[in-house]
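Following: one structure in structure tokens, then a few remarks.
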Amino acid sequence: MATKIGMMDAAYFVGRGEILAWINSTLQLSLPKVEAAAPGAVQCQLMDAAHPGVVPMHKVNFDAKNEYDMIQNYKVLQDVFNKLNIDKRIEVSKLVKGRPLDNLEFMQWMKRYCDSVNGGVLNSYNALERRNACKGGKEANKKMAPTQASSKSSTASPKADHSHNTRRNNGNPANGTQKPSKSASAAAGQAYDEKITELKLFVDSLEKERDFYFAKLRDIEILCQNPEIEHLSIVGAIQKILYAADDPSVFAEAQAMLSQQNQQPPPLSPIPETLEEQPKQDTQKRKSISTLEVDIAAHSTLSPRQRLSDVSDVYHCGSPLTNC
């Protein structure tokens with residue numbers, strides 16, 4: 001089963017018309033657009049069609065008008081996902097607002113999942129009967145009854161309607177000119193609605209792309225504020241580009257900062273000089289110690305008469321250590 005599918009999967013390239021036709025044919029509904037499924041009841045019944053008996057249909061509300069009732073439907077759907085071990089995040093805050101792109105993407109995922117269950121074949125699923133157990137399900141079925149009756153009558157006698165319209169047009173040519181104008185206006189209105197929906201989808205995709213890149217830039221900004229790397233020239237160049245206004249010369253200035261840093265010679269380290277001076281100091285210490293040891297050894301070998309002569313020599317030389 002397709003519990004996880006990537007954004008580049010073929011499921012997300014299915015058009016709105018195909019998704020809408022699949023929903024209406026599966027559940028015997030007549031939704032005018034995909035975002036009409038925003039209350040969440042349609043998704044619950046689609047899961048009931050894929051897994052009969054798993055969804056508690058008595059908790060599903062087909063008459064959900066406010067966000068509170070819609071959220072309750074999505075709670076039921078989330079419980080079903082948890083029961084079936086389906087790892088799918090439901091962005092309830094976006095779906096309940098009726099945003100076209102978010103609802104389209106979720107319904108594309110729903111179709112992909114339902115098609116993966118038993119090959120998408122629904123064995124004798126009675127959508128009307130199952131919907132009667134829901135809150136507002138009977139009212140939804142009543143709304144469907146006139147639509148289905150009108151569709152059947154329109155397909156049953158197209159020739160009779162055509163001959164009847166022909167007779168009326170022959171009898172009153174003025175009516176014949178008015179009807180095409182009404183049909184033309186209705187077609188124009190439908191075209192405008194489709195154009196508006198297309199523009200809404202485009203705007204939603206742009207907002208989603210904007211939020212994605214803004215989050216990336218924010219992560220870069222936080223990384224550049226790290227005390228361990230904020231003193232680096234590359235970090236300064238990145239911050240210069242991030243915080244700059246609409247100035248085309250900023251990128252060139254950032255490159256100049258990096259080139260200047262590369263041209264500067266590295267500072268000399270005092271460590272080698274210290275290492276060279278240290279052996280010299282050690283050698284001098286060794287020499288002074290060895291001289292002292294030799295003097296002590298020589299003095300110890302002198303006889304007492306020689307020591308007295310040395311003292312007399314010091315006395316007669318006028319040493320400041322003796323009082324004359």
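The values are calculated or read from the model by the stated rules, or taken from the named source; none is laboratory data. Keep in mind that this is a model prediction, so the values were computed, not measured. Cβ atoms come from the backbone with ideal geometry, glycine included; neighbour counts cover every protein chain shown.
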When restricted to K111, K88, K75, K94, the only residue assigned by TED's automatic domain parsing to the domain that holds V42, under 25 Å from the mean Cα position of the chain (by Cα), basic (K, R) and not in a helix (DSSP H, G or I) is K88
Single residue of segment 224-265 satisfying the filter (of a type in the set (D, E, K, R) and in a helix (DSSP H, G or I)) that is nearest to F214 (Cα to Cα): K240
Within segment 115-125, count every residue that is surrounded by 12 or more Cβ atoms within 10 Å (Cβ to Cβ) and either β-branched (V, I, T) or modelled with pLDDT of 90 or more (or both). 1
Failed condition for K83, given (1) exposed (fewer than 15 other Cβ atoms within 10 Å of the Cβ); (2) basic (K, R); (3) touching a helix residue (DSSP H, G or I) at 6+ places or on another chain (Cβ under 6 Å): (3)
Loosely packed, with under 13 Cβ neighbours inside 10 Å and at pLDDT 85 or above, is that true of P39? no
Long-range neighbours under 8 Å by Cβ, at least six apart or interchain, first residue assigned by TED's automatic domain parsing to the domain that holds L217 and surrounded by 13 or more Cβ atoms within 10 Å (Cβ to Cβ) within segment 244-257, second at pLDDT 80 or above and among the polar types (S, T, N, Q): M257/S233
Among the residues of segment 194-203, is any out of contact with any strand residue (DSSP E or B) (no Cβ under 6 Å at 6 or more places or on another chain), part of a helix (DSSP H, G or I), β-branched (V, I, T) and touching a residue at least 12 places away in the same chain (Cβ under 8 Å)? yes
Which residues, counting only those in segment 105-114, are in contact with a Phe, Trp or Tyr (Cβ under 9 Å, 6 or more places away or on another chain) and either farther than 17 Å from V54 by Cα or among the aromatic types (F, W, Y) (or both)? E105, M107, Q108, W109, K111, R112
